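Heads up: the structure comes next, in structure tokens.
The values are calculated or read from the model by the stated rules, or taken from the named source; none is laboratory data. Given the structure is predicted, the values throughout are model-derived calculations rather than measurements. Note that each Cβ is placed from the backbone with ideal geometry, even for glycine, and that neighbours are counted across all protein chains shown.
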């Protein structure tokens, strides 16, 4: 991350950010594979021809990644125009950490409630 932020040229920063985003997407996709599995199963049940089947898969992939691409583009544009100050970076890390803790609590509560109700 630091090397991306400290890149001398914009092309290097964009390439580094794209590689990082791709790796994050790979991990995210593995974690959220239930919905894609359901989607592909529905497509299989519809018995579509190959072109339609892969067309729907491509459409799904584009829709799935669209929000991430938008957020990445906003981040690249923003960081290329101005650098974060140290204080802003610390606030960003705090907010990011709180979001992660909040997500962890939600997952734990969801698991606890799921186990309790079954």
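Please give the number of the condition residue 77 fails out of (1) over 30 Å from residue 8 (Cα atoms); (2) loosely packed, with under 10 Cβ neighbours inside 10 Å.
(1)
Among the residues in the range 56-67, are any touching a helix residue (DSSP H, G or I) at 6+ places or on another chain (Cβ under 7 Å) and touching a residue at least 24 places away in the same chain (Cβ under 8 Å)?
yes
What's the number of the condition residue 39 fails, among (1) at pLDDT 90 or above; (2) over 30 Å from residue 8 (Cα atoms)?
That leaves (1) as the condition not met.
Quick one: which residue in 110, 102 is over 18 Å from the mean Cα position of the chain (by Cα), surrounded by 10 or more Cβ atoms within 10 Å (Cβ to Cβ) and without any contact (Cβ under 8 Å) to a residue 60 or more places away in the chain? Outline the logic, then answer.
On the way: 102 fails: over 18 Å from the mean Cα position of the chain (by Cα).
After ruling out the rest, the residue left standing is 110.
Determine whether the range 69-83 contains at least one residue that is in contact (Cβ under 8 Å) with a residue 12 or more places away in the chain and not in a helix (DSSP H, G or I).
Yes - at least one qualifying residue is present in the range 69-83.
Restricting attention to the range 16-68, which residues are surrounded by 12 or more Cβ atoms within 10 Å (Cβ to Cβ) and either in the same structural domain as residue 103 (by TED's automatic domain parsing) or not in a helix (DSSP H, G or I) (or both)?
Correct list: 48 only.
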